[in-house]
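Structure, as structure tokens:
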């Protein structure tokens, strides 16, 4: 049985040359004839015939192409959304840092203004420890004897009196707040000059004690240090009177005082190292 060994024949060189010659001739005629030439008219006719088919194809494929474009944009949008979320988180963190720095600058500026206005020799410090329990009004600050601190030195905020140092180490000190039950500050009412002693309590409130029932004090009156006793300089704001109860047949009035400083939220303080040294036992109920 004979199997024909057919060989594939490639394109004939003559046909290829003819096609090349025709293409060159058409290009030459196209470039030389005007817009009304036969080849231009033929092209316009073909476009006119195929235009409806192209429009139909465009209409049919438009939804498919739109879907793929939407799907591609969806992937890009998700990526961009994640980047925007990360940038937003970074910006929020930065804004929080800047706001905290602004608030700290305001507090420190208030302390500096207080020291300059009264010409106090003072040491700034930060609160690094809060009261260990609800009935002890003692905080820890980050300055001690290395900065010139000693027991019995007044401690203030920009708003008013906080307390006094009671224990000092080289790098830290304990401050007994005026709300502590063992604290006592000689004071008087600024308007009427009625004298008394501001004392703390186990509940953390302060009161103006030993004010005679025969004297007149009013809610809203400012209470300041009297300077008696040599611990606290005269004229430091302690707070204002919040409630007055004369009582019936009572020897002294019961006067509640609202502290001028937010004792629960203090962060920076001034220790008045140039104030007179204590002349009474530190932390006594009537410390001045």
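Being surrounded by 18 or more Cβ atoms within 10 Å (Cβ to Cβ), modelled with pLDDT of 90 or more and within 28 Å of residue 129 (Cβ to Cβ) is true for just one of 223, 211. Which residue is that?
Details: 211 fails: within 28 Å of residue 129 (Cβ to Cβ).
Just one listed residue meets the conditions, 223.
With modelled with pLDDT of 80 or more, touching a helix residue (DSSP H, G or I) at 6+ places or on another chain (Cβ under 6 Å) and closer than 28 Å to residue 198 by Cβ as the only criterion, which of 123, 138, 156, 175 stands out?
On the way: 138 fails: touching a helix residue (DSSP H, G or I) at 6+ places or on another chain (Cβ under 6 Å); 156 fails: touching a helix residue (DSSP H, G or I) at 6+ places or on another chain (Cβ under 6 Å); 175 fails: touching a helix residue (DSSP H, G or I) at 6+ places or on another chain (Cβ under 6 Å).
Just one listed residue meets the conditions, 123.
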Hey, among 85, 143, 94, 78, which residue is exposed (fewer than 13 other Cβ atoms within 10 Å of the Cβ) and at pLDDT 75 or above? 85
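The values are calculated or read from the model by the stated rules, or taken from the named source; none is laboratory data. Predicted, not measured: the structure shown is a model, and the values here were computed from it. We place every Cβ from the backbone using ideal geometry, glycine too, and count neighbours over all the protein chains shown.
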